[in-house]
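Undergrad: This is the structure, below, for whatever I ask next.
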Amino acid sequence: MRWLLAGILAIDPVPWARAQMAFTLAAHIILVPLGVSWALIMLIANYRGVRHGDADALVLAQRWSKYLAVTFAVGAVTGTVLSFEFGLLWPRFMGQWGEAFGIPFLFEGLFFFAEAIFVSIYIFGWRRMKPWPHFFSGVPIVICGIGGSAAVIASNAWMNDPSGFTLDQAGQIIEVDPWGVIFNDAMPLMAAHMVVAAYVVGGFMIASVYAVGMARGRRDRYHRLGFLIPFTVAAIAVPIQIGVGDRLAGWVQENQPVKFAAIALVPETASDVPETLFGRLQDDGTVSGGIAIPGMTSYMTNPSTGTATVIQGLDTVPAGDRPTTSQVNIVHWSWDVMVGIGMLLLLLSLWYGATWLFRRDMPQSRLFLLVASASGVLAVIAMEAGWVVSEVGRQPWIVYNLQRVDDAATANTGVWITFIGIVVLYAALAATTIYVLRTMSIRFKREDHHNQPVPYGPSDGGQSDP
Amino acid sequence: MSTIAAIILFTTVIAYAVFGGADFGAGFWDLMAGGTERGDRPRRIIDHSIGPVWEANHVWLIFCFVVLWTCFPEAYASITLTLFVPLTLAAVGIVLRGSGFAFRHAVFRTRDRRVFGALFATSSVLVPYCLGAVAGAIASGRVPDGGRAGDPIGSWINPTSILGGVLAVGTGAFLAATFLVWDAGRLDEAPMVEYFRRRAAGAATAMGVLSLIGVFVLREDAKYLFAGLTTRGLPLVITAAVCGTAALVLLHRQSHSGARLTAVVAVASIVLGWGVAQWDYILPESLTLEAAIAPDGTVIAVLVAVGLATVFILPAFALLYRLDQRGFLPKEGAEDSPGEPRLDSPLPAITKPIGRSSEH
């Protein structure tokens with residue numbers, strides 16, 4: 001019994017803390033796009049409904065708000081867990097950097113607070129508020145969603161580009177410039193990349209549900225509208241996202257060359273670096289497998305110098321200061337997955353856009369609906385992969401070049417227990433969330449949406465008592 | 001600067017104790033309401049009362065954390081290292097509570113509702129207990145300085161932590177009951193007014209007794225805090241006692257809004273009393289506010305955030321409460337006839353298994 005206890009107490013908390021943080025963030029990040037973009041999608045439907053008297057659009061907006069109430073609540077609690085975890089898992093990181101790293105969360109808190117308030121007003125206001133005031137109570141949700149995610153990403157960007165503070169000899173922060181912390185160099189592009197990602201992912205997720213319905217033959221106007229609104233939002237966001245992503249890659253190449261070397265699988269500094277699709281970095285520093293496009297990475301990095309562009313390799317920093325071989329492979333594969341799916345979604349969006357341009361209608365082919373049905377899941381995978389690139393590519397640092405993950409973690413050896421507990425809890429939460437959303441959807445289907453009480457009715461706001 | 005930051009920090013703690021506490025307390029009464037049949041009416045009042053506001057109420061906790069880790073990062077590190085267990089339990093409880101409540105609103109089968117309702121209600125007790133125990137650990141000087149870990153078990157299983165936990169659950173229940181009396185009155189539910197009035201009075205009495213016991217506990221277990229409470233904190237202790245008693249009297253006289261106000265003041269005084277009593281330590285007898293405070297730039301950022309909150313968030317928060325209390329935000333749900341807020345219709349139990357419909 002004693003050896004068992006001793007064994008448990010000796011379990012290194014660092015990998016478990018890492019795993020738990022990664023797991024809870026990976027779960028939360030799926031809910032974020034819904035909170036950020038669904039509000040806009042819902043308001044577009046709401047606007048159509050009120051402005052053009054479109055009953056289908058109004059019913060969609062109302063139902064979306066009911067779904068949103070559930071996903072927002074789940075997102076709120078999983079987000080709260082993260083704020084606990086900063087301290088529970090990374091107390092030494094928070095103790096040393098809290099006064100700088102923590103600042104953007106002040107503003108995230110404000111945005112989230114306002115968002116929670118207006119989500120409540122909007123969701124509960126359907127029956128008693130007048131149409132336009134009700135519509136406008138939804139607008140702050142959209143703004144706060146953007147602001148809130150930008151603020152969170154500001155903190156994350158700060159970990160990649162720590163700035164806005166002065167250290168003393170002992171490495172303690174003695175001065176803080178909040179502006180410099182929030183608007184660190186990495187923040188604008190990273191925040192833009194996440195916010196646009198929210199519109200891409202949220203839009204495709206919602207559209208894919210209706211695409212499934214249409215592929216199963218439910219081609220009524222209600223389903224069509226439920227598909228068109230979110231899909232259009234996502235299709236517009238995709239090219240923007242690729243542009244922002246390209247610029248962010250350029251920023252990483254200049255400011256975090258080691259991360260870029262991991263992304264592009266560049267073991268040694270060289271010119272004429274190929275673009276390796278997949279493939280593996282071996283422990284001896286060679287790359288095996290994959291499809292190499294000669295000179296492509298060099299060319300893409302700086303077209304003016306073409307294939308002669310020199311790319312800094314992983315070997316420029318000591319092995320202990322850069323991602324391990326397996327981390328490099330994770331980063332590189334995640335990058336390829338993200339870019340690959342991004343390109344596929346771009347093609348899908350172009351297909352949709354071109355058809356709309358020439359035929360004033362969405363593509364009718366079955367193939368389009370099938371791919372669109374998968375677009376939600378694909379977009380989520382791309383987002384998760386992109387986030388892995390950002391986080392794993394930063395290793396072994398928690399604060400780039402200033403503090404290692406190992407030095408930041410908690411000393412509590414019981415993290416493996418909380419990790420297992422959290423995985424079980426979140427698995428149950430995910431299953432229940434899907435079950436509840438399905439139940440709602442089935443209930444909605446049973447209601448004849450032309451006969452159910454119309455929003456704002458029967459006598460527009462105020463007097464709805466019989 | 002450390003004083004300003006401490007005032008802001010305690011403002012968020014008080015706000016959470018009042019708004020979050022009342023919210024947890026409503027969950028407590030939900031738990032105590034009994035079986036599906038018997039507990040139906042009180043649960044409906046509870047649902048109706050906290051439905052639109054629960055998410056906003058809990059943002060105060062986030063603010064409290066953020067102010068703590070920006071302004072007093074060393075203290076935050078010590079607290080989270082030492083109190084790993086109760087804080088983890090609280091986090092789990094918050095997940096169960098929030099999702100349980102949201103799910104309960106979204107599903108309509110009695111069985112499902114009962115499961116989610118039970119999750120919501122039990123975690124409504126677990127979370128405030130854990131947070132109260134954390135407060136007790138801090139107040140009794142069991143958290144060391146320097147981002148070090150204290151006793152991982154004894155720090156939160158001790159007389160002051162138990163007192164803190166029970167006090168947190170109890171004050172929440174007291175607040176919630178006085179709020180629910182008022183809500184029931186607003187909904188013209190006379191039997192429910194009486195129902196919650198009895199419970200509010202019971203909770204107030206229990207809290208009074210507990211406070212008297214607490215005096216002896218603190219004298220033995222948290223000497224610095226006790227010394228502070230009996231000197232500079234004394235006016236607040238007296239205020240809490242007077243307001244608690246006044247709330248009892250007002251409840252008896254059916255002055256519901258007066259009872260609500262005095263209850264809020266009583267709870268706020270207790271929390272503020274804790275803060276004043278452990279002055280000028282953030283972690284009593286190991287870390288002073290002055291030693292733990294972040295650089296000026298950070299505190300200025302906090303002040304800017306507070307300014308923005310005052311200009312934008314407070315009016316919005318007030319709007320939410322106003323709309324809610326004027327009945328503009330009726331409970332959503334497909335079962336509601338347009339005649340809400342009548343609460344006398346039975347819960348719609350979908351008895352036949354849910355099948356796929358052919359349309360849509």
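Bear in mind these aren't lab numbers, they're just calculated from the coordinates by the rules spelled out. In this text the structure is predicted, and so the values were computed from the model without any measurement. FYI the Cβ positions are ideal-geometry reconstructions off the backbone, even for glycines, and counts take in every protein chain you see.
Undergrad: Determine ³J(HN,Hα), in whole Hz, for all residues of region A:219-235 in sequence, where each value follows from phi through the Karplus function 6.51 cos²θ - 1.76 cosθ + 1.60 and θ = phi - 60°; x replaces Gly and Pro.
TA: Each residue's phi maps through the Karplus curve to give 9, 6, 5, 4, 5, 4, 5, x, 7, 4, 5, x, 5, 5, 4, 5, 5 Hz.
Undergrad: Given Cα pairs under 8 Å that are at least 6 residues apart, what percent is the relative contact order of region B:2-325? Kindly include the intermediate steps, with their values, before the conclusion.
TA: On the way: 481 pairs, mean separation 74.1, N = 324.
Rounded, it is 23 percent for region B:2-325.
Undergrad: Counting helices only, and only those DSSP H runs with n ≥ 4, report the 222 nm mean residue ellipticity of chain B as the sum of -39,500 (n - 2.57) divided by its residues, in deg cm²/dmol to the nearest 500.
TA: After summing the helix terms and dividing by the residues of chain B, the value is -23500 deg cm²/dmol.
Undergrad: Between A:G279 and residues 5 or more places away or on another chain, which pairs have amide H atoms under 5 Å apart, with H built 1.01 Å from N, and which residues are they?
TA: Distant-sequence amide H within range of A:G279: A:G290, A:I291.
Undergrad: Can you give the helix-only mean residue ellipticity at 222 nm for chain A, where every DSSP H stretch with n ≥ 4 adds -39500 (n - 2.57) and the sum goes over all residues, rounded to the nearest 500 deg cm²/dmol?
TA: Details: 14 runs with 322 residues, N = 466.
Value at 222 nm, helices only, nearest 500: -24000 deg cm²/dmol.
Undergrad: What is the sum of charges, Lys and Arg at +1 and Asp and Glu at -1, for the other residues whose Cβ falls under 11 Å from the Cβ of B:A77?
TA: After counting each charged neighbour, the total is 0.
Undergrad: For each of B:D183, B:D151, count neighbouring Cβ atoms within 10 Å of the residue's Cβ, then give the residues from fewest to most.
TA: B:D151, B:D183
Undergrad: Projecting each Cα onto the charge dipole of the protein assembly as shown (Lys/Arg +1, Asp/Glu -1 at the beta carbon, about the Cα centre), which of A:Y426, B:V67, B:V311 comes out farthest on the positive side?
TA: Selected residue: A:Y426.
Undergrad: Using the Cα centre as the reference, give the magnitude of the dipole from point charges on the C-beta atoms of the protein assembly as shown (Lys, Arg: +1; Asp, Glu: -1; all else neutral), rounded to the nearest 20 debye.
TA: 3200
Undergrad: Another question, then. Against the longest alpha carbon principal axis of chain A, how many degrees, from 0 to 90 and to the nearest 10, is the axis of helix A:187-215 turned?
TA: On a 0 to 90 degree scale, this one is about 50.
Undergrad: Cα-based count: Lys pairs in the protein assembly as shown below 23 Å, eight or more positions apart or different chains?
TA: Close lysine pairs under the 23 Å cut-off: 6.
Undergrad: Could you work out the local net charge near A:L167, counting Lys and Arg as +1, Asp and Glu as -1, over the other residues with Cβ closer than 14 Å to its Cβ?
TA: -4
Undergrad: Moving to a separate point now. What is the helix-to-structure angle for A:13-51, meaning the angle in degrees between its Cα long axis and the longest Cα principal axis of chain A, kept from 0 to 90 and rounded to the nearest 10?
TA: Taking Cα atoms only, the helix is inclined about 30 degrees.
Undergrad: Find out how many positive minus negative residues lie around B:G297, taking Lys and Arg as positive, Asp and Glu as negative, among other residues whose Cβ is under 14 Å from that of B:G297. Could the numbers behind the result be given before it?
TA: Details: positive: none; negative: A:E99, A:E175, A:D177, B:D296.
Neighbourhood net charge equals -4.
Undergrad: Separate question: Can you divide the C-alpha Rg of region B:2-325 by 2.2 N^0.38 Å and report the result to two decimal places?
TA: Values: Rg = 19.4 Å, N = 324, 2.2 N^0.38 = 19.8 Å.
Expressed relative to 2.2 N^0.38 Å, the Cα Rg reads 0.98.
Undergrad: Give me the log10 of I(q) over I(0) for chain A at q = 0.09, 0.11 Å⁻¹, as the Debye formula computes it from C-alpha points; what are the numbers?
TA: Per q value, in the given order, log10 I(q)/I(0) is -0.68, -0.98.
Undergrad: Taking each residue of A:121-133 in turn, how many C-beta atoms of other protein chains fall within 10 Å of its C-beta, and what is the average?
TA: 4
Undergrad: Is any helix in chain B, taking whole DSSP H runs, at least 30 angstrom long along its axis by alpha carbon and on average at least 0.0 on the Kyte-Doolittle scale, and which ones?
TA: For chain B, where a helix must reach 30 Å along its axis and average at least 0.0, the hits are B:84-106, B:110-139, B:159-186, B:190-221, B:256-277.
Undergrad: For chain A, take the longest principal axis of its alpha carbons; what is the angle in degrees between that and the long axis of helix A:366-392, to the nearest 10 within 0 to 90?
TA: Approximately 40 degrees, to the nearest 10.
Undergrad: Turning to a different aspect of this structure: Going by C-beta contacts inside 10 Å, put A:C144, B:C243, B:C71 in order with the fewest on the left.
TA: Listing A:C144, B:C243, B:C71 from fewest to most nearby Cβ atoms yields B:C243, A:C144, B:C71.
Undergrad: Can you sort B:T171, B:T122 so the residue with the fewest Cβ neighbours within 10 Å comes first?
TA: Numbers: B:T171 31, B:T122 18.
Listed from fewest to most nearby Cβ atoms, that is B:T122, B:T171.
Undergrad: Looking only at Cα atoms, what is the convex hull volume of the protein assembly as shown per residue, in Å³?
TA: 174
Undergrad: Oh, and also: Give the long-range amide H neighbours of B:Y281: residues separated by 5 or more places, or on another chain, with amide H under 5 Å away, using H modelled in the peptide plane at 1.01 Å from N.
TA: Amide H to amide H, under 5 Å and 5 or more residues apart or across chains, B:Y281 pairs with B:L289.
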